[in-house]
Amino acid sequence: MVARVALVTGGTRGIGASIAKALKAAGYKVGVNYGGNDEAAQKFNSETGIPVFKWDVSSFDSCVEGIQKFEAELGPVEVLVNNAGITRDAVLHRMKPEQWKQVIDTNLGSLFNMCRPVIEGMRARKFGRIVNISSINGQKGQMGQSNYSAAKAGEIGFTRALAQESARAGITVNVVAPGYINTEMVQAVPKDVLEKNILPQIPIGRLGEPEEIARCVVFLASDEAGLITGSTISANGGQYFG
């Protein structure tokens, strides 16, 4: 069988990089999007051989143009993983309008910006796999993250609606909601905060690994996962059941 084409946004670092590498190892023809870190993107490309494409997922026009370039090189997108995201943390009474807008546009607006240019092709081919990477904080909320929690909760609502629209066309749309994962972002948390405040909340007693999130995505992207749509996999070590 010809390898299916997969696109991962925010795919050159952290969870996104692990997803891209796992999809490639599973036999997919993978390319990744990234937003701004050219050095990390080139390092990822040289280490993996996976093509990298730079565009701003918060801009619809940039996504249309970027996806056109991607598909010209790799072929029509059959598997889309919306992983790109940012944080601009602040308590609401100190949050600036731009902190709200940047997070909503990048984390939630990007789902429309990325799905809209590929959904018609998926419908025409009667096959598609869309996996949206949300967060435990979109399920339970998090102090200082009203913008991030709102966006990540919105991803779940978007997923459930699009899953219903797309089911008869052979397209599944699902969410993976990671908890605390051992990435650069979490490694930057002071060790005492991690050990006293975060790890005690996780029943399995450890951080998740990016590869564990990637395995969830590879399964949801597979032909064998056709029965599962509109679902949320909570990959958080038992910290929250949502």
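Read-outs: derived from the displayed coordinates by stated rules, not from any lab. Predicted model only: the values in this text are computed from it and were never measured. Please note: Cβ atoms are built from the backbone with ideal geometry, for glycine as well, and neighbour counts cover all protein chains shown.
The slack between K69 and S222, meaning 0.36 nm per residue of separation minus the straight C-alpha distance, is 52.6 nm.
Please work out the FRET efficiency for the pair E212 and N45, using the Cβ-Cβ distance as r and a Förster radius of 41 Å; give the result to the nearest 0.05. Step by step, r from the Cβ atoms, then E = 0.95. Residues Y148, Y28, arranged from fewest to most other Cβ atoms within 10 angstrom of their Cβ, appear as Y28, Y148. What shape does the stretch 95-242 take by its C-alpha gyration tensor, where a ≥ b ≥ c are the square roots of the eigenvalues and a/c under 1.5 counts as rounded, a/b above b/c as prolate, and the rest as oblate? Cα axes put the stretch 95-242 in the oblate bin.
Overall, the anisotropy analysis places the stretch 35-90 in the oblate class: the square-rooted eigenvalues a ≥ b ≥ c of its C-alpha gyration tensor yield a/c not less than 1.5, with a/b not exceeding b/c. Considering only V118, I136, N107, the residue lying farthest towards the positive end of the dipole of the chain is I136, judged by Cα position with unit charges set on Cβ.
Given +1 at the Cβ of Lys and Arg, -1 at the Cβ of Asp and Glu and no other charges, the dipole of the stretch 24-181 around its Cα centre is 500 debye to the nearest 20. Projecting label points 7 angstrom from Cα along Cα→Cβ for F241 and F112 puts them 3.6 nm apart. Estimated from the Cβ-Cβ distance and a Förster radius of 51 angstrom, the FRET efficiency linking S59 and E195 is about 0.80. The C-alpha atoms of the chain define a longest principal axis, and helix 110-125 lies at about 30 degrees to it. Using a cut-off of 21 Å between Cα atoms, the listed pairs K96/K152; K21/K43; K54/K152; K21/K191 include K54/K152; K21/K191 as exceeding that distance.
Relative contact order of the stretch 8-92: 32 percent, from C-alpha pairs under 8 Å at least 6 residues apart in sequence. Sequence-distant contacts, meaning Cα pairs under 8 Å at least 6 residues apart, place the relative contact order of the stretch 67-196 at 27 percent. Pull out a ≥ b ≥ c, the square roots of the eigenvalues of the alpha-carbon gyration tensor of the stretch 1-74, then state rounded if a/c is under 1.5, prolate if not and a/b is larger than b/c, and oblate in the remaining case. Oblate, because a/c is 1.5 or more while a/b does not exceed b/c. Reducing the stretch 85-163 and the stretch 1-26 to their Cα centroids gives an inter-centroid distance of 19 Å. The C-alpha atoms of the chain define a longest principal axis, and helix 146-166 lies at about 30 degrees to it. For A235, the amide hydrogen comes within under 5 Å of the amide hydrogens of A177, G179, counting only partners 5 or more places away or on other chains and with H modelled in the peptide plane.
Which angle from 0 to 90°, rounded to the nearest 10, does the C-alpha axis of helix 14-25 make with the longest principal axis of the chain? The answer is roughly 30 degrees. Percentage of Cα-Cα pair distances in the stretch 1-146 greater than 27 Å, rounded to whole percent? Of all Cα-Cα distances in the stretch 1-146, 23 percent exceed 27 Å.
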